[in-house]
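What follows is a short report on a single structure.
The values are calculated or read from the model by the stated rules, or taken from the named source; none is laboratory data. Every value quoted in this text rests on a predicted model; they were computed, and no experiment measured them. No Cβ is skipped: glycine too gets one built from the backbone with ideal geometry, and neighbour counts run over all protein chains shown.
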Amino acid sequence: APVVEYIKSLIDWLEVAVKEGERDLSESCENSFVHGILLALRYTFEELDWNSNAVLSGYSEMKCALEKLLELVMRITSLALWVVSADAWCLPEDMDDMIIDDNLLLGVPEEMDEPLRSLEDEEKNSKPAQDVRTSEQVVMVGCWLAMKEVSLLLGTIIRKIPLPIHSSSDTVDSGSGTSDAADDLLMTTSDAMLDLKQLEKIGSHFLEVLLKMKHNGAIDKTRAGFTALCNRLLCSNDLRLCRLTESWMEQLMERTVAKGQIVDDLLRRSAGIPAAFIALFLAEPEGAPKKLLPQALRWLIDVANRSLLDLIENKGAKTTMCEFSHSNQETESAMPPDIYATWNSSKIRDEGVVPTVHAFNILRAAFNDTNLAADTSAFSAEALIISIRSFSSPYWEIRNSACLAYTALIRRMVGFLNVQKRESARRALTGLEFFHRYPSLHPFIFNELRVITELLGNASSGQSASNLANVVHPSLCPMLILLCRLKPSALAGESGDDLDPFLFMPFIRRCSTQSNLKVRVLASRALTGLVPNEKLPDVLLNIASELLCVEGQNEAAPVSSLHGTHRASFNLIHGILLQLGSLLDANCRNLVDFSKKDQILGDLIKVLGNCSWIANPKRCPCPILNASFLKVLDHMLSIARACHTSKSFSTVRNLLLELSTDCLDVDASYGLTYYDPTITELRKKAANSYFSCVFQASEESGEEVLQMPQRCSPVDSTLSKMPDMENTFSGLLERLVRSLSDSSYEVRLSTLKWLLKFLKSTESDREVCELSSYEIKSIQNWTKNNLQATLMSRLELEKNPRCTNYVLRLLFTWNLLQFQKLGSNVCTETIFVGSVDCDSVVQFWDRLMSSYELTRHAKIKESLINCMAICIRRFANLFTSSILVDARKKTIEISESDHLGRSAHLFACITAFVNIINRHSSSSEPVNMRKAATGSIVASGLLEQADLIGSYVSNRQIPSENLSLHFEPQEAGNMYAHQVLVIWFTCIKLLEDEDDGIRQRLAIDVQKCFSLRRFGSSSHGVPNQVEKVIELSFEHLSSIFGCWIEYFDYLCQWVLVAASHVVSGGDLVRRVFDKEIDNHHEEKLLISQICCSQLEKIPILKSWVADSLNKDHARNYLLGWRHRFSQQLMSFAKDHGRKYEGVDWIGGVGNHKDAFLPLYANLLGFYALSICIFKVEAEDGMHLLSDVVELGRIISPFLRNPLVGNLYLLVVKLHEKQTGATADHTVEFRADMIWDGFDPYFLLR
């Protein structure tokens, strides 16, 4: 049969490649080794129908071919597996020496020794030194690809090939786990393509590869093949096949707990051992009872548990982790240096350590697999208990693997953690739901916490400060982290419920006041999932009331004694404040009942008002406590602000304002002679709290990339209903100015961030003025007259890069908002760039340019580029006004040096800005820099300048390639329009950027230019797709500059550049594995078609027809462009044809992916220019027809491509129609190659 012959020919080809690899592996890998042939075989077997007549008629031949293929696969494995599984440090300098290294030959079968040792010795060191690393990589990549394709090929074959069946009593009932799809693929043992021994050999091959290989990519492919094999066997009704999987499971278990394993066996998280187990788990048929997975998970948990039992037996039941570490330290210190160095570098571990690590790695992989989630859930609680207990192991390897398994279990049981919101995005459970779903965890955690808190009690009464390991039990943090992930329950548990998480409250609260700061923070977070909403008010009041007890102690003690006698009470106070903060932020904030929220806040503020001394630096000289108290009040103020009718809002805000003011003036309160970072953090927190009393800014905008200010929600209307705060905020403006120039950069940074959010939220919405309270209006009035000058002075004095960045962002946001108000005809008497004199703007520009040249901070440079756009917006308006004045007053005195000098300087600034934007819009620039360039283009207003300057351009001469950079007053309009066109084309290039955000945001902003011109409004219409916006951009420019020859020249130049795009040379197979640098959103052919379509219909052609004097110049100009396209096309055709000469490319060389774009784009440009020439000059064009004939002769090998061929036919028909003659060309077209109604601009229709 032909299909069998085809497969046999591929196998013969594979045999030749294998022999070449056995002769010289390095040279064979340079030619891709067996990768391509295995790939072809895999694709062939994927399409092969094993029940077809073609296969059945050649059954015996196919069976022999498969037998030979399996033999070759084993030979490939013996060649490549030892390379992929070798330690990277063992690779020799020359890959030819790999076969002589005795250490590496340990993994090579003995039958391979003779052919490998027959290499010629004189070629060992023939390679230059610079090629050594490349040779190693080539061999490694070649062997990796070979092993990957071997596994995929075997998996492809085994998925569809008929399996043997046994007709005797060994068969089982068809209802027990058989697959209906596989029934028709079963054959008797004598008729099967693969017999039982071959299937066993394939499975053993998979196991060998998985257990030896260390490459994750190849392991993953091998696992897929092994899964397919096991699935077919388990779906079979032959017990002999089903027993094979059980035997492989037993082999895996034996290998996992084998004695004598070393650290190398743990590389890559046990490498292929977890993958082999997962393959067996996934292979079990769906809908049938699982057998392998429960058996294996139970065994793995026993293996992991056995190490803990052995540990207790060997070291004593009451031994703790710190005792282990202490004894190990004594042993290490007792060793001589040379013996200790040898022992420390050994890869040998105590018996049982490596198998335990294997077990945890397998458990981690099993619980991480989403497909096994339902089947593994029954073992989650027990596995989590073992993982937590293993944190106490003295062996780092066990603790590390247990930590990874613990992470996988938490993710599977509770869900992924949203880092921003500190909660699980999906599968989030309340504490009550969690412990009723996993009941065995409750008594375990209860008992562990009881023992741990007893240790904490003993430590707190003794010498706890000297040994942290004795204080923090290894199981404490994992359990606290688990409890942190639980949501608060809306309802309390039933009375007498043994699984109620509220029972943990005494232990968690005790942990939250102990001496370790991290434990206090974790314990306070863990409290949130234990307290139901019903008990929240009582719990909060009980916790807060404990502060009153501490108050009496500290009031009676002098300040100097607080650092000694009452140090423990500081931890207690801090723990209480952390508990209050966590419960307020997580529990109280999410309450649905606003009245209940307000009641809680009202009761709580009464208690906290009596404890305000904690936030007073003079009465409580502990910055951490001061900041924690402010944070609690911050949470209360935020919650009260969300309650529309909160009665406690004013009380909380007044208290927070008073205390934050005291903390901001904390500089000399402590009298310390050294730098204390906690004081700095306190003042930073105080600044945030103080200004949040004025305006609550969103926390979502932090260190994000500078973006265009968006319309935010207006200030809460409840602020207008609050009592007059004029007296309370009497020093607000003074405080704002002082904070902007504070000696601590943290305070300055916090103030700048708040001010930026304030501007975006208030100045961008005109309705805010009517809703603002007194303090907001006072700040708004201050910003109108003082913000610009204050920011300019800060820019001169600021030395901190982060503060400098925010000063620049504020300058950009403030000025852009004022320009937008100015454009909306809003009356403004504000000081900004648009209202100051030109000299001040020039000075600002010079400062920006100087900083741009000197700075190396990427974010500062992005902000500088955006601020440049603000200056350019003013410069553009001034320069446009100057051009309009010159155009209207033809008799203006050109001798006015001030006028000319200013115009020349403005034009130089605009040119410099355009060059900077063009440079940072390149695809090689970082995405944030391209975003900054995008925002600057829109903010500069240069896109809108096209409408103003379009009517003042003139066609005085044919464009030249070298444009004059010297400013000429008579050419001011043309030179300015040239820069506007450059910025427009840069904008179009960014519309094809690979970043989705850049394309979509810029498309919306560019579309506003069309709406402004067509409808007189920038908000008309629905946003179009980016491709449509690109097409509309060209139509917009053509409607403005359609009569300008420079624009015609730009269109031709763009097509010519796109058509000259040639992919760099190199082997096509090698380029598959090169880094992909192409931008899939960059459609050069689309742009070429848009440009050529615009060339055919722009109005300048009509003006050339009407102008008889310049017709000859125009015709020569068009002929020149047509000749350039013709020459570029013929040059490419010759070079490309010579490169692929003798290659029988399917469909012709024109179908090569690297040839189509240059061919079609050049020919399309030639076609469009020919149409333009015939529109301008309708005389005899026989010499133009001869050019077409010559062009066809050169590109004839490429015309088998239907698109290129039909476009060339259009070119021929166009010239024949104009000349009335028939082209005498040698190109022949078949009837099926000619398309009626072919549209050369097919991407635009």
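Is it fair to say residue 221 is assigned to a loop (DSSP other than H, G, I, E, B), out of contact with any Asp or Glu (no Cβ under 7 Å at 6 or more places or on another chain), under 20 Å from residue 362 (Cβ atoms) and modelled with pLDDT of 75 or more? Criteria not met by residue 221. Taken together, the residues in segment 918-935 that are at pLDDT 90 or above and either in a loop (DSSP other than H, G, I, E, B) or in contact with a Cys (Cβ under 9 Å, 6 or more places away or on another chain) (or both) amount to 5.
Restricting segment 395-447 to residues that are out of contact with any strand residue (DSSP E or B) (no Cβ under 7 Å at 6 or more places or on another chain), of a type in the set (A, V, I, L, M) and more than 24 Å from residue 362 (Cα to Cα), the residue that is modelled with the lowest pLDDT is 419.
Here is a yes/no grid of residues against (1) surrounded by 21 or more Cβ atoms within 10 Å (Cβ to Cβ); (2) among the aromatic types (Phe, Trp, Tyr):
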{"position": "636", "(1), (2)": "yes, no"}
{"position": "643", "(1), (2)": "no, no"}
{"position": "654", "(1), (2)": "no, no"}
{"position": "662", "(1), (2)": "no, no"}
{"position": "690", "(1), (2)": "yes, yes"}
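Every residue in segment 7-30 that is acidic (Asp, Glu), in contact with a helix residue (DSSP H, G or I) (Cβ under 8 Å, 6 or more places away or on another chain) and part of a helix (DSSP H, G or I), please. Selection gives 15, 20, 22, 27, 30.
Out of curiosity, is residue 699 within 16 Å of residue 779 (Cβ to Cβ), surrounded by fewer than 21 Cβ atoms within 10 Å (Cβ to Cβ) and at pLDDT 50 or above? So residue 699 fails the test. Can you tell me which residues in segment 56-76 are farther than 12 Å from residue 14 by Cβ and surrounded by fewer than 20 Cβ atoms within 10 Å (Cβ to Cβ)? 56, 57, 58, 59, 60, 61, 63, 64, 66, 67, 74 - these are the residues of segment 56-76 that are farther than 12 Å from residue 14 by Cβ and surrounded by fewer than 20 Cβ atoms within 10 Å (Cβ to Cβ).
Does residue 33 qualify as being assigned by TED's automatic domain parsing to the domain that holds residue 152, under 38 Å from the mean Cα position of the chain (by Cα) and assigned to a loop (DSSP other than H, G, I, E, B)?
Numbers: assigned by TED's automatic domain parsing to the domain that holds residue 152: yes; under 38 Å from the mean Cα position of the chain (by Cα): yes; assigned to a loop (DSSP other than H, G, I, E, B): yes.
When the stated conditions are applied, residue 33 passes them.
Residue 1156: in contact with a Phe, Trp or Tyr (Cβ under 6 Å, 6 or more places away or on another chain), among the aromatic types (Phe, Trp, Tyr) and modelled with pLDDT of 85 or more, yes or no? When the stated conditions are applied, residue 1156 does not pass them. Considering segment 794-913, the qualifying helices (runs of 4 or more DSSP H), each wholly inside and each with 2 or more residues that are within 17 Å of residue 938 (Cβ to Cβ) and at pLDDT 95 or above, run over 801-823, 858-888. Checking each residue in segment 260-278 for being out of contact with any helix residue (DSSP H, G or I) (no Cβ under 8 Å at 6 or more places or on another chain) and of a type outside the set (Asp, Glu) picks out 260, 267.
All of (1) at pLDDT 85 or above; (2) closer than 17 Å to residue 909 by Cβ; (3) surrounded by 18 or more Cβ atoms within 10 Å (Cβ to Cβ) hold for residue 982 with one exception: (3).
Among the listed residues 204, 236, which satisfies the condition of being among the hydroxyl-bearing types (Ser, Thr, Tyr) and either part of a loop (DSSP other than H, G, I, E, B) or closer than 27 Å to residue 351 by Cβ (or both)?
Numbers: 204 fails: either part of a loop (DSSP other than H, G, I, E, B) or closer than 27 Å to residue 351 by Cβ (or both).
Result: 236 is the single residue among 204, 236 that is among the hydroxyl-bearing types (Ser, Thr, Tyr) and either part of a loop (DSSP other than H, G, I, E, B) or closer than 27 Å to residue 351 by Cβ (or both).
Considering only segment 668-681, I want to know if a residue exists there that is of a type outside the set (Lys, Arg), in contact with a Cys (Cβ under 8 Å, 6 or more places away or on another chain), surrounded by 16 or more Cβ atoms within 10 Å (Cβ to Cβ) and closer than 20 Å to residue 742 by Cβ. Within segment 668-681, not a single residue is of a type outside the set (Lys, Arg), in contact with a Cys (Cβ under 8 Å, 6 or more places away or on another chain), surrounded by 16 or more Cβ atoms within 10 Å (Cβ to Cβ) and closer than 20 Å to residue 742 by Cβ.
Tell me, which residue of segment 761-786 that is of a type outside the set (Gly, Ala, Ser), farther than 11 Å from residue 695 by Cβ and at pLDDT 80 or above is surrounded by the most Cβ atoms within 10 Å (Cβ to Cβ)? Steps first, answer last, please.
Initial filter on segment 761-786 (of a type outside the set (Gly, Ala, Ser)): 762-763, 765-771, 774-777, 779-786.
Next, only the ones that are farther than 11 Å from residue 695 by Cβ stay: 763, 765-767, 769-771, 774, 777, 781-786.
From what is left, the residues that are at pLDDT 80 or above are 777, 781-786.
Numbers: 777: 13, 781: 11, 782: 15, 783: 24, 784: 16, 785: 12, 786: 14.
Among those that are of a type outside the set (Gly, Ala, Ser), farther than 11 Å from residue 695 by Cβ and at pLDDT 80 or above, it is 783.
Whenever a residue of segment 1110-1130 is touching a residue at least 40 places away in the same chain (Cβ under 8 Å) and farther than 16 Å from residue 1096 by Cα, its partners that are of a type in the set (Val, Ile, Thr) and crowded, with 16+ Cβ neighbours inside 10 Å, lying with C-beta atoms within less than 6 angstrom and at least six residues away or across chains, give the pairs 1130/1194.
Free of Cβ contacts under 8 Å to residues at least 24 places away in the same chain and under 24 Å from residue 358 (Cα atoms), is that true of residue 286? Considered against the rule, which asks whether it is free of Cβ contacts under 8 Å to residues at least 24 places away in the same chain and under 24 Å from residue 358 (Cα atoms), residue 286 comes out as no. The set of residues from segment 135-164 being modelled with pLDDT under 85 and of a type in the set (S, T, N, Q) comprises 135, 137. When the criteria are applied in full, residue 1053 fails the requirement of being modelled with pLDDT of 70 or more, surrounded by fewer than 13 Cβ atoms within 10 Å (Cβ to Cβ) and not hydroxyl-bearing (Ser, Thr, Tyr).
Scan the helices (runs of 4 or more DSSP H) fully inside segment 348-421 and keep the ones with 3 or more residues being surrounded by fewer than 18 Cβ atoms within 10 Å (Cβ to Cβ) and out of contact with any Leu (no Cβ under 8 Å at 6 or more places or on another chain).
Values: elements: 353-368, 373-376, 380-389, 396-414.
The qualifying helices (runs of 4 or more DSSP H) are 396-414.
Checking each residue in segment 281-312 for being surrounded by fewer than 19 Cβ atoms within 10 Å (Cβ to Cβ), modelled with pLDDT under 90 and under 18 Å from residue 383 (Cβ atoms) picks out 306, 308, 309.
Checking the stated criteria, residue 1043 turns out to be under 28 Å from residue 1116 (Cβ atoms) and modelled with pLDDT under 90.
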